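Below is one structure; the comments refer to it alone.
None of the figures in this text is laboratory data; all of them are computed from the coordinates on show. On a predicted model such as this, the values are computed, not experimentally measured, just so you know. Note: ideal-geometry Cβ built from the backbone for every residue, glycine included; neighbour counts use all protein chains shown.
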Amino acid sequence: MTLEKYEIETLLAQAGNHSPEDPYGTVATPIYLSSTFRHGKLSDVDHFDYEKQYAYSRMANPTRKVLEQTLALLEEGTKGFALSSGMAAIELVFSLFKSGDEVISTNDLYGGTFRYFDHLSEHYNLNFTQWDGKNNNELVKKITAKTVALWIETPSNPTMKKTDIAEISALVHEINPDIKVIVDNTFYTPIYQKPLALGADIVVHSATKYLSGHNDLLGGAVICKGTKIAESLTFNFNTTGTVLDPFDSWLLLRSLKTLPLRMRQHTENAQAIVKFLQNSSAVSKVLYPGEGGMISFYLKDKSKLALFFDNLKIISFAESLGGIESLVTLPAKQTHHDMPIEQREKLGITDNLLRLSTGLENSKDLIDELKNALK
């Protein structure tokens with residue numbers, strides 16, 4: 001059954017059903033735990049097609065293949081790749097580039113991404129420059145003959161800045177069509193934003209977050225547009241082997257079926273909490289991109305931080321985001337701790353900035369909890 005023509009809720013609800021990968025007519029995709037598969041005739045090996053046949057699960061696995069096909073449909077891409085973590089997904093994308101290449105990135109990113117970029121710069125001679133995500137004239141000035149990619153995270157982590165993907169993609173591709181526009185779509189997911197449809201070339205997700213949504217697996221996703229990029233990524237993916245295992249592939253596929261419902265509830269809860277925080281005398285500023293479950297806010301009195309965390313009962317003081325359970329993080333001391341303090345403070349990632357991943361609990365209970373914690 002071809003799912004491209006259906007709306008996203010139907011596409012995800014039906015993911016894996018009617019799959020040609022399964023010969024038994026199962027409604028739910030089976031978990032194929034085998035690491036290796038039998039060949040037929042000796043002559044078959046001479047004409048082996050890894051896109052249609054199976055030999056070794058690093059190369060392809062029936063469960064992971066259904067997931068990757070679903071990811072590609074979800075982001076309207078040519079091909080999807082399911083990896084062992086969000087950082088593995090970023091690493092796969094950067095396997096496209098070589099020493100001496102230049103990459104421009106927005107200046108407000110997940111701390112682990114910054115750390116990896118610093119590693120590539122120090123050890124592999126990739127050159128990175130930063131851009132604020134807004135000033136197009138400054139972006140144009142930063143593009144050189146060696147520029148191979150523009151990395152965008154929107155909304156950004158943790159200050160929730162938004163970048164116009166369509167406008168920037170058109171601008172960059174007009175200057176040089178070969179520059180890859182890459183978007184980390186972890187916060188908004190394809191429910192609220194489809195970067196490839198807006199002109200980007202590659203989309204990256206930490207699938208650990210909203211795509212999975214249950215705080216129970218690590219995963220990453222890369223989806224690309226165009227056969228040339230797909231072929232390069234496929235070779236690098238199979239060569240390095242940072243694949244998502246069959247069980248977690250099955251878990252992620254199952255989780256995707258409820259993504260539209262979860263994102264709507266995350267948004268409804270977050271919007272109610274934002275209204276409360278904006279009227280709280282203990283909060284000096286609230287950062288919210290308008291949709292999704294991610295909120296950042298500044299406490300007026302930094303000395304009350306410990307008391308705030310001590311008063312939490314429902315909301316967990318924990319890293320990560322995008323799950324059913326609400327989590328709150330202190331980015332300056334957790335996710336962005338490795339960033340130089342001067343850079344953190346310039347971006348507004350100060351010691352009184354809290355990042356809240358709004359879960360699926362009742363919004364009244366969450367607001368009552370925050371009200372008590374902020375007393």
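Can you classify the range 312-368 as rounded, prolate or oblate using the Cα gyration tensor, where a ≥ b ≥ c are the square roots of its eigenvalues, rounded means a/c under 1.5, and otherwise it's prolate if a/b beats b/c and oblate if not? Verdict is prolate for the range 312-368.
Can you flag which of Lys194/Lys257; Lys285/Lys346; Lys162/Lys375; Lys285/Lys364; Lys209/Lys333; Lys194/Lys313 are past 26 Å Cα-Cα? The answer is Lys162/Lys375; Lys194/Lys313. Recomputing Cα extents along the principal axes in Å from the coordinates shown identifies the correct label among [x] 74, 50, 35; [y] 65, 44, 42; [z] 81, 44, 42 as [x]. Based on the reciprocal of the average 1/r between different C-alpha atoms, the Kirkwood radius for the range 260-373 equals 14.2 Å. Applying both filters, DSSP loop and at most 14 other Cβ atoms within 10 Å, to the chymotrypsin sites (Phe, Trp or Tyr not before Pro) of the range 19-82 gives Tyr24, Phe48, Tyr50. If one takes the longest principal axis of the Cα atoms in the chain, at what angle in degrees, from 0 to 90 and to the nearest 10, does the Cα axis of helix 246-256 lie? Computed tilt is about 60 degrees. Please identify, among Val286, Val140, Val45, the residue showing maximal mean-square fluctuation in a Gaussian network model of the chain using a 10 angstrom Cα cutoff. Residue with maximal mean-square fluctuation among Val286, Val140, Val45: Val45. Round to the nearest 0.05 the FRET efficiency obtained for Asn372 and Glu9 when R0 = 35 Å and r is the Cβ-Cβ distance. Efficiency at R0 = 35 Å is approximately 0.45. Shown here for the range 10-115: GluC sites (Glu not before Pro) in loop regions (DSSP other than H, G, I, E, B) with at most 11 other Cβ atoms within 10 Å, namely Glu51.
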